[in-house]
Amino acid sequence: MLTAFGRLIPMLAVGLIGLAACGGTAVSFMSSTAIERAEAELRGAERAKADELAPYEYTKADLYIRMSKERLGFADYQAAQRFAEDALEIAATARKNAAEAKRLKSLREGNPEGTDPKGWGSIKGESP
Amino acid sequence: MRLPALAIALFTGAAGLWGCVSSPAVYDRAGSVEKLTNEQHVSMVNCTPRELARAEAFADFARHETSQGRPHTARDFIELSEFNARKAFENSRDRSCLGDLDGDGIPDPEDRCPEEKEDFDKFKDKDGCPEPDNDLDGILDPQDRCPNEAGPVKNEGCPFMDRDGDGLSDDEDKCPDEFGPRQNHGCPIRDSDKDGVPDNEDKCPQVQGPKDNEGCPYKLIQVTDKAIILKEKIFFAFGKSTIRRTSHPLLNEVVLALRDHPTYVVRIEGHTDSVGRASSNQRLSTARAVAVRKYLLGKGVAPRRLQAVGLGEARPIDDNSTEAGRSVNRRVEFHIVSK
């Protein structure tokens with residue numbers, strides 16, 4: 001005869017297993033989401049030609065995403081999460097720097113060597 | 001069953017020990033990579049960005065792997081990191097790797113205006129910033145005839161000079177090429193009659209005259225090289241040495257002449273006609289010469305400059321047989337003894 005307590009043990013065990021499974025899935029889901037966000041940011045950086053205009057940040061972000069994915073594959077969710085977050089930040093910097101580099105490039109191309117970069121020559125006899 | 005269990009236990013212990021021993025080495029190596037990349041980070045970002053990214057990322061991954069007790073992967077990562085760091089270091093030594101956003105030839109770390117080209121106009125050309133108005137006079141350099149010297153618009157940005165060096169700039173100097181005081185608008189004070197008295201102090205600017213007579217010529221006397229010639233006579237009381245008041249203006253002019261020639265020493269000679277006894281005439285002429293000297297002394301002439309002598313009737317200059325001649329012979333003369 002099983003006592004009431006005896007009947008409770010298998011139920012508790014099943015509950016704990018279920019909870020553990022749910023928790024793992026939740027952590028895994030969080031890591032995947034972080035990687036997706038970092039990848040999306042990196043694609044944005046790519047569109048801004050970061051691979052060409054901000055290669056340092058672009059390469060680094062790409063490496064961190066790869067590392068994050070690798071850790072996720074080993075179910076090392078905490079590390080995966082951390083590398084994904086770093087990648088997101090670096091990819092955002094890559095995008096920003098690429099845009100800035102693009103602006104400066106166009107500025108240079110629009111003002112070739114020897115011309116007046118600020119148009120001072122157009123002001124006659126007046127203070128700038 | 002006991003042997004495998006023991007072997008596993010030994011292996012696990014050894015691996016753990018090895019991991020513990022190798023952890024500091026990985027951290028040290030990662031620290032060295034970090035030091036190397038920090039040394040010329042800007043140059044590496046510009047010239048070897050991918051190698052730098054790998055060096056930094058792999059060093060980070062190596063640290064992580066070590067912290068998780070995975071020494072093999074940690075070693076792989078740190079070796080990759082070191083390889084990339086060395087490559088980045090070697091290939092980013094060139095000065096051009098410092099970066100030059102504005103392309104003015106001045107590397108960004110030394111360029112105070114990395115986004116603006118230096119204008120290279122021989123004015124502060126090393127700071128990397130263009131100076132549109134070097135002298136800050138409000139006129140832009142292309143329009144400024146003197147871009148490095150402040151000057152007003154009406155002089156095309158050049159400062160007004162003071163050509164004659166009289167302290168007035170040429171724009172406010174009515175005579176910019178002639179030295180002149182401010183009160184005369186920079187023009188020289190002329191001396192038209194060249195008597196040494198400037199026109200603004202000369203009451204007779206067109207006629208020469210001594211300074212003490214305000215630039216006008218003497219009316220009653222004339223100063224020559226040898227004597228002060230009186231144009232009229234000095235009148236005395238009859239038979240006495242008392243000078244008549246009417247002769248005071250004449251003697252006052254003599255005083256002025258002596259002031260105007262402060263080094264002159266003068267001998268005052270008294271002369272008479274031949275009427276009366278010679279000894280009397282001698283006394284009278286001396287007394288009159290002395291009276292004239294006394295008058296001049298009273299007007300401030302220094303005693304050492306005046307000698308008085310009576311010559312009586314001994315040196316007539318006209319005929320004593322006529323009244324007109326005798327009148328001429330009764331006289332006082334001023335002879336210049338030394339200058």
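The values are calculated or read from the model by the stated rules, or taken from the named source; none is laboratory data. The structure presented is a predicted model; accordingly, all values stated were derived computationally and were not measured. With ideal geometry, Cβ positions are generated from the backbone for all residues, glycine too; neighbour counts draw on all protein chains shown.
Data table
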{"quantity": "So A:F74, is it surrounded by fewer than 17 Cβ atoms within 10 Å (Cβ to Cβ) and of a type in the set (F, W, Y)", "calculated": "yes"}
{"quantity": "Criterion: under 18 Å from B:N46 (Cβ atoms), more than 11 Å from every other protein chain (Cβ to nearest Cβ), crowded, with 21+ Cβ neighbours inside 10 Å and in contact (Cβ under 8 Å) with a residue 24 or more places away in the chain - qualifying residue of A:A45, A:A98, A:A91, A:A84", "calculated": "A:A98"}
{"quantity": "The stretch B:108-144, subset away from every other protein chain (no Cβ under 12 Å) and in contact with a Gly (Cβ under 6 Å, 6 or more places away or on another chain), residue surrounded by the fewest Cβ atoms within 10 Å (Cβ to Cβ)", "calculated": "B:R112"}
{"quantity": "So B:P152, is it surrounded by fewer than 15 Cβ atoms within 10 Å (Cβ to Cβ) and over 29 Å from B:N46 (Cβ atoms)", "calculated": "yes"}
{"quantity": "Candidate set from the stretch B:67-92 (those that are in contact with a Ser or Thr (Cβ under 7 Å, 6 or more places away or on another chain) and assigned to a loop (DSSP other than H, G, I, E, B)); member that is surrounded by the most Cβ atoms within 10 Å (Cβ to Cβ)", "calculated": "B:S92"}
{"quantity": "Total residues in the stretch B:221-277, condition part of a loop (DSSP other than H, G, I, E, B), over 20 Å from B:R305 (Cβ atoms) and not acidic (D, E)", "calculated": "15"}
{"quantity": "Residues of the stretch B:300-317 satisfying the condition of being surrounded by 15 or more Cβ atoms within 10 Å (Cβ to Cβ) and part of a loop (DSSP other than H, G, I, E, B)", "calculated": "B:V301, B:L311, B:G312, B:E313, B:P316"}
{"quantity": "Count - residues of the stretch A:61-81 that are assigned to a helix (DSSP H, G or I), small (G, A, S) and more than 8 Å from every other protein chain (Cβ to nearest Cβ)", "calculated": "4"}
{"quantity": "Filter result (of a type in the set (S, T, N, Q) and over 21 Å from B:D119 (Cα atoms)) within the stretch B:136-158", "calculated": "B:N155"}
{"quantity": "Selected residue (criterion: surrounded by the most Cβ atoms within 10 Å (Cβ to Cβ)) from residues of the stretch A:48-60 that are assigned to a helix (DSSP H, G or I) and more than 10 Å from chain B (Cβ to nearest Cβ)", "calculated": "A:A50"}
{"quantity": "Filter result for B:R145 (modelled with pLDDT under 90, assigned to a loop (DSSP other than H, G, I, E, B) and over 30 Å from B:K294 (Cβ atoms))", "calculated": "no"}
{"quantity": "Test: residue in the stretch A:114-124 that is away from chain B (no Cβ under 12 Å) and either modelled with pLDDT under 95 or under 30 Å from B:D121 (Cα atoms) (or both)", "calculated": "no"}
